[in-house]
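Take a look at the structure set out below.
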Amino acid sequence: MAQREEELEEALRLLREGAPLEAVAARYPELAPALRAAHLLERARPPGQSLRAELASRAAFLRRAEELRAARRPWAGILFGWLRYARAGAVLAGILLIAGMLHLLAQQSLPGDPLYGLKRGGAGLAGADAGPGGAASGGGDPGRPPLGGIPSPRAAPGLGDGDLGGPD
């Protein structure tokens, strides 16, 4: 069996080297059908692309790509360049929309509602840097202490504007 395989390999080597099929088939008559099939398969195979042709094709492709890049419209980058930030802008707009809706819903909430704490916190923060009459200056609702929890002197009963509560 090994001898027959060696003969087949020798015959195929001869065919690859360019020996005529009929001469090789005459030399190895018992392998003639296999040699004819191998010869047909070899002829049916498309020729491989040479390295030179592959490099030329790659160079032509890169030249064409550079031509297209150079001919590209410069205004397209200016007009549509912002699209790369579209995803971040959409996320930011969504966050702002949710925050705005929470603010609006909190402004209409009553004590005991889930958003009432947001309303009170937002009202205290909004008036914290206010001027005269704001929460930071002790103004606002006289019955409710400002943010720090210390009542203002104006909110204490019996004290007027100039009266410090001392003996007269």
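The values are calculated or read from the model by the stated rules, or taken from the named source; none is laboratory data. Just so you know, these numbers come straight off a predicted model, no measurement behind them. Positions of Cβ are backbone-derived with ideal geometry, glycine not excepted, and every protein chain shown enters the neighbour counts.
Of all residues in segment 16-72, those that are part of a loop (DSSP other than H, G, I, E, B) and closer than 22 Å to residue 6 by Cβ total 5.
Can you confirm whether residue 63 is at pLDDT 90 or above, more than 30 Å from residue 16 (Cβ to Cβ) and of a type in the set (Lys, Arg)? Yes; evaluated as a whole, the condition is true for this residue. Applying the set (1) under 30 Å from residue 19 (Cα atoms); (2) of a type in the set (D, E, K, R); (3) at pLDDT below 75 to residue 52 leaves exactly one unmet item: (3).
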